[in-house]
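*Asks:* Sharing a structure with you now.
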Amino acid sequence: MSLATNSFISLASNPPNYESVARLQNEFKNRDEFIVDGVIPFLEQILFPYISKEAHILDLGCGCGHLVQQLHLKGYQMTGIDASKGLLGYAQTNAPDSEFIFGDIRNFELPPTFNAIISIDVLLFILNNEDLTAIFKNVYAALQDNGLFVFSIPLIELMDKQTQEGSFNHIYVNDECAFIELFNYNSEKKMWKIEVTGFELVEKTWKRSDTTWLRKDHLFTDVQSALENVGFTEISHVDAGGLGGSACFVCWKHI
Ligand SMILES: C[S@@+](CC[C@H](N)C(=O)[O-])C[C@H]1O[C@@H](n2cnc3c(N)ncnc32)[C@H](O)[C@@H]1O
């Protein structure tokens, strides 16, 4: 890896720092409406028909737990894991009947008790193939036989329009909070630098927070071979337009 690549990567902590913007993430990101109208209909096609009504599901990178709660309301037994203590604090309030684990998904070790493992909008933060393979290995070990792994991931092959534009912004505002994400693409590293600025009203005073995240777009063949290397044999993928322009992979653990 070149010095330039190293210094680009050192711009951001890994896992990404969500602590200073946890409240803003909870206010604006993946709220129940988005999950009910966008994510659940998608999972109705690719996940629910293949698991039992009482299935135990692990949500990797569960963030504020909105998806965990919606799946709990559908009857599933839910566990979430995330590397942000701040986000997990919101998750415990948003999904009070589910279990949460504080941990880095690159290192977690859980027994093979899950019927399904899902990960939405998380693997974009995994910056190299070694870490991706480590996560897939941990997932494979935590799945029951015939368990299912469903995840979204941005693929270089699907990124044409955005990469040509090179940059875009997301801006969210309400009476007490504002949240801005500036995305800039680095074509050499195939990564996005995401400069994040938040404002929140705390006891009548506006508080500002800044942080930087890095997002990596992966090659389809890298994802596919990392999955095969850890043991997944039946792998398919669909364009997940409704899930942030990423591809959605569906993988079975067949022994
Ligand atoms: C964009 S948010 C998505 C949250 C949630 N999946 C959703 O769809 O609302 C990305 C999440 O991934 C988590 N994350 C990123 N890298 C992680 C890692 N290495 N280990 C655990 N969590 C991680 C972050 O803390 C954050 O909660």
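*Asks:* Could you check LEU214 against (1) exposed (fewer than 12 other Cβ atoms within 10 Å of the Cβ); (2) more than 21 Å from CYS248 (Cβ to Cβ) and say which number it fails?
*Replies:* Result: LEU214 fails condition (1) only.
*Asks:* Given the structure, is GLU195 free of Cβ contacts under 8 Å to residues at least 40 places away in the same chain and within 16 Å of the ligand (Cβ to nearest atom)? Steps first, please.
*Replies:* On the way: free of Cβ contacts under 8 Å to residues at least 40 places away in the same chain: yes; within 16 Å of the ligand (Cβ to nearest atom): yes.
Taking the combined requirement at face value, the residue satisfies it.
*Asks:* Residues in region 197-208: is at least one within 19 Å of the chain's Cα centre (by Cα) and buried (at least 16 other Cβ atoms within 10 Å of the Cβ)?
*Replies:* no
*Asks:* Only one of PHE48, PHE108, PHE114 is free of Cβ contacts under 8 Å to residues at least 60 places away in the same chain, closer than 28 Å to PHE220 by Cα and surrounded by 21 or more Cβ atoms within 10 Å (Cβ to Cβ). Can you tell me which?
*Replies:* That would be PHE114, the only listed residue that is free of Cβ contacts under 8 Å to residues at least 60 places away in the same chain, closer than 28 Å to PHE220 by Cα and surrounded by 21 or more Cβ atoms within 10 Å (Cβ to Cβ).
*Asks:* Considering each residue of region 117-135, count those that are surrounded by fewer than 17 Cβ atoms within 10 Å (Cβ to Cβ), of a type in the set (Asp, Glu) and not in a helix (DSSP H, G or I), and give that number.
*Replies:* Residues of region 117-135 that are surrounded by fewer than 17 Cβ atoms within 10 Å (Cβ to Cβ), as a first pass: 128-130.
Filter once more, so that each one left must be of a type in the set (Asp, Glu): 130.
With the extra rule that they be not in a helix (DSSP H, G or I), the set shrinks to none.
Number of matching residues: 0.
*Asks:* Out of the residues in region 198-234 that are in contact with a Ser or Thr (Cβ under 7 Å, 6 or more places away or on another chain) and of a type in the set (S, T, N, Q), state the one that is nearest to SER84 (Cα to Cα).
*Replies:* Among those residues, the one meeting the criterion is THR211.
*Asks:* Only one of these conditions is not met by PHE168: (1) modelled with pLDDT of 95 or more; (2) within 23 Å of GLY38 (Cα to Cα). Which number is it?
*Replies:* (1)
*Asks:* Can you pull out every residue in region 98-126 that is away from the ligand (no atom under 11 Å from the Cβ), of a type in the set (Val, Ile, Thr) and over 14 Å from the mean Cα position of the chain (by Cα)?
*Replies:* If the condition is that a residue be away from the ligand (no atom under 11 Å from the Cβ), of a type in the set (Val, Ile, Thr) and over 14 Å from the mean Cα position of the chain (by Cα), then THR113 is the only one that fits.
*Asks:* Now for a different question. Starting from residues that are in contact (Cβ under 8 Å) with a residue 40 or more places away in the chain and crowded, with 16+ Cβ neighbours inside 10 Å, keep the ones in region 83-92 and report whichever is farthest from the ligand (Cβ to nearest atom).
*Replies:* GLY89
*Asks:* Same structure, new question: Do the conditions hold for ALA95, that is, is it over 14 Å from the mean Cα position of the chain (by Cα), buried (at least 20 other Cβ atoms within 10 Å of the Cβ) and more than 13 Å from the ligand (Cβ to nearest atom)?
*Replies:* When the stated conditions are applied, ALA95 does not pass them.
*Asks:* Sticking with this structure for a sec: Would you pick out the residues in region 51-60 that are assigned to a strand (DSSP E or B) and either free of Cβ contacts under 8 Å to residues at least 40 places away in the same chain or within 16 Å of the ligand (Cβ to nearest atom) (or both)?
*Replies:* Listed by number, the residues that qualify are ILE57, LEU58, ASP59, LEU60.
*Asks:* Next question. Suppose we filter GLY38, GLY63, GLY80 for residues that are small (Gly, Ala, Ser), near the ligand (Cβ under 9 Å from one of its atoms) and outside any loop (DSSP other than H, G, I, E, B); which single one remains?
*Replies:* Testing whether each residue is small (Gly, Ala, Ser), near the ligand (Cβ under 9 Å from one of its atoms) and outside any loop (DSSP other than H, G, I, E, B) leaves just GLY80.
The values are calculated or read from the model by the stated rules, or taken from the named source; none is laboratory data. Computed from a prediction, not measured in an experiment: that's the story for all the values here. So basically every Cβ, Gly included, is an ideal-geometry build from the backbone, and we count neighbours across all protein chains shown.
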